[in-house]
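Here's the structure, in structure tokens; my notes come after.
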């Protein structure tokens, strides 16, 4: 999150290029893959970040891993990144790219946290409601958090809709702490 | 202690539940990226406004948004940052930072957020929400300063008069009696309070020692000045944000009185420490530093604060249309109120050309200079009359004082010029000698003890003696004894003359009586050879 500025610029460049060349779907799949590889391999991330490993070696590693699996455009792009010594931002760039892609496709990612897992009809209902509200397609992530006790918390972007019992109890508790009783009879 | 009846318990629960609102509606949230040194950087909160109050979900700690950046939001914390950690949720409150103000605050010591810190329990009575940052009243809602604010300090009331709605800077090195002047001014408002026309006083202590604040509270209590005074304390150990917002809280309380048609006086002690606190926060928020590492908007910080001191137009109809009125007091607005500000600035080794002093000098309507060498020479209050001015107060001085003290400032300027000559020890012509003799005695009558402000009639009486040269025969060391006896005598024998002096009337009869009394009493002090 911290290096958003740099990552955003690189991601935007690739995104615009992909749209222009009409290869957006392919590139998105590539970036998805790259993001996943980074997220799953801590050592890979460390190598990219390390200032000791020589640039030539990093380029070689990138080639060995990705050349076979991504389009030529994406691979050239990776090489440009390496050339500019920004290889340690690859993961951030992949995340940013996904954001741009979702925005372009009018898809919004939403998170729902509930005390118990959602069942299918409820899930469909939630998605339908959110799609109506946001006028966008919804990609729903689900989390189960028993500490909520009941209700749910939905996050879309920086909006939050919180109906959890946990929060109600917290608010009630604060009210009791602050509101000093005045005898009214 | 009696037993708690079941009915009472239900009543308690019912009441508390009534206050509890089910806040389920859509909220805007962000997450903490980093926190430390009293500031937090937050990701998200895309629609938050600058100056908005935000709340940390975890412990209901409040913060104020100061920086809106491309990918994060910078906010100052109004409390301890210890419990906050990375990833915590922050909510918008959609409220601008504000303080709850009411009459119940009088006599209390509070912090920047308006919470009592004197251990006397909750603040009572109805309270009104006043924003910390508020635009000053526009031109059409003001009128010229025309009513005096009596400080009870002779050199000030006679030569550097302060009017209600004015902003007069008190400036000087450490230990020169800056706070003493402010405290004396508060004590002197007791007479107004007793007459039922109080001038509400707000003393804002910024970055001071807790012990000094306790001391001031004790003195004000002893002198009976607390019933019309509010003390706002942000001591040196409070977070920097609390320190630099404290004067704004003081101004907000003052505005409550000002906009409801009453006179108020606010003392900012001191703005140099507030500037330092603001510099700290600004640097932590990575705003570019300027001269002396202060941020670029340090001038605006002080100018917008002091601009809120104003004399409100006397017409209720016009005043009711004032700009930026908070909704909470809209129905109570009256004209004719005023907010006088006495900011204090501490200089280093008399350097008034440093950044903050020059800024505040240019913002205010005049300044009172205090000097270490005068203080050490026993001239207390240690006011340097030559360079102290009041740019608007002259119009507000009462007539009798203006008549009597009109020449005093000029006389003293002349005296100081000639005094330098006399130090050569050469023979002086009689005219020069007379000026010097008079000047020395005037310096003597302008001396005054701490915590003993004088009412305006007494001041006029003794300054009359000084400017008319009635003290020429009295030895310099005896002048203060004469002063005391003279005032007592005159008050005892001619109370109605004193009353008219206070009202601003100086009749020929009063002049004659003053002269006669002075001459009669002076005989006692003339040494017989």
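Data overview
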| item | result |
| --- | --- |
| Hits in region A:6-21 - residues which are within 14 Å of another protein chain (Cβ to nearest Cβ) and either under 16 Å from the mean Cα position of the chain (by Cα) or under 13 Å from residue A:98 (Cβ atoms) (or both) | A:7, A:8, A:11, A:12 |
| Failed item in (1) surrounded by 14 or more Cβ atoms within 10 Å (Cβ to Cβ); (2) in contact with a helix residue (DSSP H, G or I) (Cβ under 8 Å, 6 or more places away or on another chain), with residue A:127 passing the rest | (2) |
| Residue in region A:131-147 that is within 23 Å of the chain's Cα centre (by Cα), assigned to a strand (DSSP E or B) and at the interface with chain B (Cβ under 10 Å from one of its Cβ atoms) present | no |
| Evaluation of residue B:69 against (1) touching a residue at least 40 places away in the same chain (Cβ under 8 Å); (2) within 12 Å of chain A (Cβ to nearest Cβ); (3) surrounded by fewer than 20 Cβ atoms within 10 Å (Cβ to Cβ) (one fails), failing number | (1) |
| Number of the condition not met by residue B:101 [criteria: (1) crowded, with 16+ Cβ neighbours inside 10 Å; (2) farther than 17 Å from residue B:248 by Cα; (3) more than 14 Å from chain A (Cβ to nearest Cβ); (4) at pLDDT 90 or above] | (2) |
| Residue that is surrounded by the most Cβ atoms within 10 Å (Cβ to Cβ), among those in region B:325-349 that are touching a strand residue (DSSP E or B) at 6+ places or on another chain (Cβ under 8 Å) and in a loop (DSSP other than H, G, I, E, B) | B:337 |
| Lone qualifier among B:205, B:252 - being in contact with a strand residue (DSSP E or B) (Cβ under 9 Å, 6 or more places away or on another chain), crowded, with 24+ Cβ neighbours inside 10 Å, touching a residue at least 24 places away in the same chain (Cβ under 8 Å) and assigned to a strand (DSSP E or B) | B:205 |
| Yes/no for residue A:116 being within 13 Å of chain B (Cβ to nearest Cβ), touching a helix residue (DSSP H, G or I) at 6+ places or on another chain (Cβ under 9 Å) and either farther than 30 Å from residue B:124 by Cβ or loosely packed, with under 13 Cβ neighbours inside 10 Å (or both) | no |
| Some residue of region B:387-405 being over 22 Å from residue B:149 (Cβ atoms) and either touching a residue at least 12 places away in the same chain (Cβ under 8 Å) or under 25 Å from the mean Cα position of the chain (by Cα) (or both) | no |
| Any hit, region B:397-407, residues being touching a strand residue (DSSP E or B) at 6+ places or on another chain (Cβ under 7 Å) and crowded, with 17+ Cβ neighbours inside 10 Å | yes |
| Positions within region B:358-373 being out of contact with any helix residue (DSSP H, G or I) (no Cβ under 9 Å at 6 or more places or on another chain) and either within 14 Å of residue B:272 (Cβ to Cβ) or touching a residue at least 60 places away in the same chain (Cβ under 8 Å) (or both), in sequence order | B:358, B:361, B:369, B:371, B:372 |
| Single condition residue B:120 does not satisfy, out of (1) more than 20 Å from residue B:59 (Cβ to Cβ); (2) not in a loop (DSSP other than H, G, I, E, B) | (2) |
| Options A:94, A:82: the member that is over 21 Å from the mean Cα position of the chain (by Cα) and crowded, with 16+ Cβ neighbours inside 10 Å | A:82 |
| Selection count where residues are in contact with a helix residue (DSSP H, G or I) (Cβ under 7 Å, 6 or more places away or on another chain) and either in a loop (DSSP other than H, G, I, E, B) or under 21 Å from residue B:250 (Cβ atoms) (or both), scope region B:276-309 | 14 |
| Number of positions in region A:155-164 that are free of Cβ contacts under 8 Å to residues at least 24 places away in the same chain and either crowded, with 16+ Cβ neighbours inside 10 Å or more than 7 Å from chain B (Cβ to nearest Cβ) (or both) | 5 |
| Every residue from region B:170-188 that is outside any helix (DSSP H, G or I) and surrounded by fewer than 24 Cβ atoms within 10 Å (Cβ to Cβ) | B:173, B:174, B:175, B:177 |
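The values are calculated or read from the model by the stated rules, or taken from the named source; none is laboratory data. This structure is a prediction, so every number in the text was calculated from the model and none was measured. Every residue, glycine as well, gets a Cβ built from its backbone with ideal geometry; the counts of neighbours run over all protein chains shown.
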